[in-house]
Amino acid sequence: MLVVGGGINGVGTFRDLALQGVDVALVERGDYCQGASGASSHMIHGGIRYLENGEFRLVRESVVERNRLLRIAPHYVKPLQTTIPIFSTFSGILAAPLRFLTHKQQGKPTERGAFLIKVGLSLYDAFSRDGGSVPRHQFRGRKRALAELPRLRPDIKYTATYFDASVHNPERLTLDVLQDGEKAGQAAGTANTQGNTARASNYLSLKSLTGQPNRGTGKGSTVRLRDELTGEEFDFTADVIVNTTGAWVDLTNEAMGAASTFMGGTKGSHIVLDHPALLSACNGREIFFEHTDGRIVLIYPMGDRVLVGTTDVDADMGQDAVCTDEEIDYFFELIGHVFPDIPVSREQIVYTFSGVRPLPRHDATQPGFVSRDYRIERRGPGSIGSGAGAVVLSLVGGKWTTFRALAEHLTNDVLAELGVQRKVSTAQLAIGGGAGFPADEAGVQKWIKQHMAAGRDADRTAGLLTRYGTRAEAVMAYLDAGPDHLLRSTRELSARELEFMAAHEQIGHLADVLIRRTSLAFRGLVTGELLNEMAEVLAVPLGWDAAARAAEIRHAQDVLQRFHRVETHSLVA
Ligand SMILES: Cc1cc2nc3c(=O)[nH]c(=O)nc-3n(C[C@H](O)[C@H](O)[C@H](O)COP(=O)(O)OP(=O)(O)OC[C@H]3O[C@@H](n4cnc5c(N)ncnc54)[C@H](O)[C@@H]3O)c2cc1C
């Protein structure tokens, strides 16, 4: 089995297959979670707005998965109080059913008024309350709304507040899912003495399909893989190939000689602001609302930063997905739409990011109304390349929220191809550092007290719990096994912790640590001093000589500048 693509959907499928004892490999051409999975709005949500698209199956599955992720990944997935500001009572009542029936916007967008939102939220409650554990939505009139959120536009009529969930660290959650898969493969390999049956590598891309079947079994197809760090190429033979390359699914199929036209991705961008006034105006809630163009947008506190998004424009896969000046203007306008007296300027942007949603091809339908549901496309043996024998399953679509359920579907399809029965369900299985994670704040404080040690105060212990969940215990055992010190340039990381990452977390580039192993880049905390110090520490375990170190610093600066609008000045040339 070969899974191509290390976003959350490929990684989730890898874990599920590994748990079934299937011999599986995963390849990702860059770093894990560097595609759409690292560019989301960080919401784990039922998708209330998909109700108006009539996507009831998706909404139901999404809320079940949202409630489940709160239980099985509590270290990274947290409840998110969400407030919709509403400026009219009845508008949209005629437009909405029409949209619902045609899936097209008719003429100028009509605002969604309070009545329509009430109907939507009542339906959402019915789907989503998880036996009563999720509170019912609440409506507030102007007076109470402004008492709760005083900086809102004064002509507000109502607010509606309900609960969804947020994933604070999607990159690390992806890594946790991956490591669970690798662990399951080691266990299966030990049991059947065949060695590890689940292996995953980043910086390994699928280049082409050579088509030769497996020499031993006469089945499957051989593909050519390329190590993107060394340039080395080699062959790999698989009976089933799962194409989870997101927005690149058609390009990957084309590389395998199996041209397809499944995809029609749309680009979405976000900005991250260091803006204390806006942060406090949100009062800990996501502000989720309709902008003047009828699109649903969000302003959302994440730690001490504010996330603002997002756009939805047809993507050109030949271009890098980056946040443009026009998108930034759009974000500033939408902030002004709900918080008109809070000024915002470009200097307050600490980070930007963009990604392409892996949506199905949608021709005339407007991006916002394209189905967010997923499907699996099968190509049988003989239908790809030159009479090759592998089955290719391509994933079209798939949101963050539904990754576990989707992985279960894909895994079931693969098991059917292999004629193997499912052994383990992932439905109740804790993910990585979510196992044994304290249930409430008192439990968190107790855990921190129990795990403090000489040289590790409460803040540092809390930081490790936040970053790794209960996997922090393994990290701490590593830290305690030798001399260690906090970095000069950030108190959030120590030298041995970076060594731990180098040994256990497949670091390909310095940028991986800044963007995906930590949230330093996201929060705008990358400095020249930090780049130099981190490169210096990582150079030892990763074998970087002086030239490689300088190249890593330049690469990180280039990635931060090109894709995230972050300028840094390294102290070393
Ligand atoms: C702006 C935006 C906001 C979103 N907000 C949300 C949200 O709030 N909630 C939610 O649930 N969902 C959200 N989504 C959707 C969600 O992020 C994606 O649907 C999901 O992450 C897709 O995951 P994936 O694994 O299928 O694809 P990706 O994460 O894109 O992964 C595909 C991977 O394949 C790799 N690859 C490509 N070609 C090759 C090759 N030849 N060889 C090896 N590897 C290859 C790529 O490098 C990439 O890492 C959002 C998406 C975007 C873009």
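The values are calculated or read from the model by the stated rules, or taken from the named source; none is laboratory data. Just so it is clear, the model here is predicted, and its values are computed rather than measured. With ideal geometry, Cβ positions are generated from the backbone for all residues, glycine too; neighbour counts draw on all protein chains shown. These accessible areas exclude ligands, DNA and RNA; they are computed on the full protein's heavy atoms, side chains included. Shrake-Rupley method; radii C 1.70, N 1.55, O 1.52, S 1.80 Å.
Miscellaneous remarks
- Output for the stretch 44-81, where each listed residue is more than 13 Å from the ligand (Cβ to nearest atom), assigned to a helix (DSSP H, G or I) and over 14 Å from residue 431 (Cβ atoms): 51, 52, 53, 56, 57, 60, 64, 67
- Every pair of residues 6+ apart whose Cβ atoms lie under 8 Å, when the first sits in the stretch 545-569 and is open to solvent by 40 Å² or more (accessible area, probe 1.4 Å) while the second is in a helix (DSSP H, G or I) and not hydrophobic (A, V, I, L, M, F, W, C): 549/536; 567/561; 569/528
- Any chance residue 195 is away from the ligand (no atom under 11 Å from the Cβ), farther than 27 Å from residue 404 by Cα and surrounded by fewer than 21 Cβ atoms within 10 Å (Cβ to Cβ): no
- Complete set of residues in the stretch 244-279 that are within 14 Å of the ligand (Cβ to nearest atom), of a type outside the set (A, V, I, L, M) and not in a loop (DSSP other than H, G, I, E, B): 246, 248, 250, 252, 253, 254, 266, 267, 268, 269, 270
- Answer residue from the stretch 322-351, given it is surrounded by 22 or more Cβ atoms within 10 Å (Cβ to Cβ) and within 18 Å of the chain's Cα centre (by Cα) and is nearest to residue 369 (Cα to Cα) among those: 323
- Count - residues of the stretch 13-30 that are open to solvent by less than 10 Å² (accessible area, probe 1.4 Å) and within 8 Å of the ligand (Cβ to nearest atom): 2
- Residue 365 passes every criterion in (1) at positive phi; (2) open to solvent by 30 Å² or more (accessible area, probe 1.4 Å) apart from (1).
- For the stretch 204-242, the tally of residues that are open to solvent by 50 Å² or more (accessible area, probe 1.4 Å), of a type in the set (S, T, N, Q) and over 28 Å from residue 420 (Cβ atoms) stands at 1.
- For residue 443: the one exception among (1) modelled with pLDDT of 95 or more; (2) part of a loop (DSSP other than H, G, I, E, B): (2)
- Every residue from the stretch 455-483 that is touching a helix residue (DSSP H, G or I) at 6+ places or on another chain (Cβ under 9 Å) and outside any helix (DSSP H, G or I): 455, 456, 481, 482, 483
- Count - residues of the stretch 467-480 that are open to solvent by 60 Å² or more (accessible area, probe 1.4 Å) and touching a residue at least 12 places away in the same chain (Cβ under 8 Å): 3
- Subset tally (residues that are at positive phi and within 16 Å of the ligand (Cβ to nearest atom)) for the stretch 198-242: 2
- Number of the condition not met by residue 161 [criteria: (1) in a loop (DSSP other than H, G, I, E, B); (2) surrounded by 16 or more Cβ atoms within 10 Å (Cβ to Cβ); (3) at pLDDT 75 or above]: (1)
- Considered as a group, the residues in the stretch 293-321 that are touching a residue at least 60 places away in the same chain (Cβ under 8 Å) and away from the ligand (no atom under 14 Å from the Cβ) include one that is most open to solvent (accessible area, probe 1.4 Å), and that residue is 304.
- Any hit, the stretch 281-290, residues being more than 11 Å from the ligand (Cβ to nearest atom), among the aliphatic types (A, V, I, L, M) and part of a loop (DSSP other than H, G, I, E, B): no
- Identity of the residue in the stretch 1-12, over 28 Å from residue 300 (Cα atoms) and not in a strand (DSSP E or B), that ends up most open to solvent (accessible area, probe 1.4 Å): 1
- Of residues in the stretch 34-62 being at pLDDT 90 or above and touching a His at 6+ places or on another chain (Cβ under 8 Å), the one surrounded by the fewest Cβ atoms within 10 Å (Cβ to Cβ): 41
- Number of residues in the stretch 495-531 that are over 20 Å from the mean Cα position of the chain (by Cα) and assigned to a loop (DSSP other than H, G, I, E, B) equals 3.
Listed here are the residues, each with its yes/no results for (1) under 24 Å from the mean Cα position of the chain (by Cα); (2) in contact (Cβ under 8 Å) with a residue 60 or more places away in the chain.
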{"position": "411", "(1), (2)": "yes, yes"}
{"position": "426", "(1), (2)": "yes, yes"}
{"position": "430", "(1), (2)": "yes, yes"}
{"position": "435", "(1), (2)": "yes, no"}
{"position": "445", "(1), (2)": "no, no"}
{"position": "451", "(1), (2)": "no, no"}
{"position": "456", "(1), (2)": "no, no"}
{"position": "459", "(1), (2)": "no, no"}
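- Enumeration of residues in the stretch 327-347 that are in a helix (DSSP H, G or I) and within 12 Å of residue 275 (Cβ to Cβ): 331, 332, 335, 346, 347
- Restricting 421, 450 to residues that are in a helix (DSSP H, G or I) and farther than 29 Å from residue 257 by Cα narrows the list to 450.
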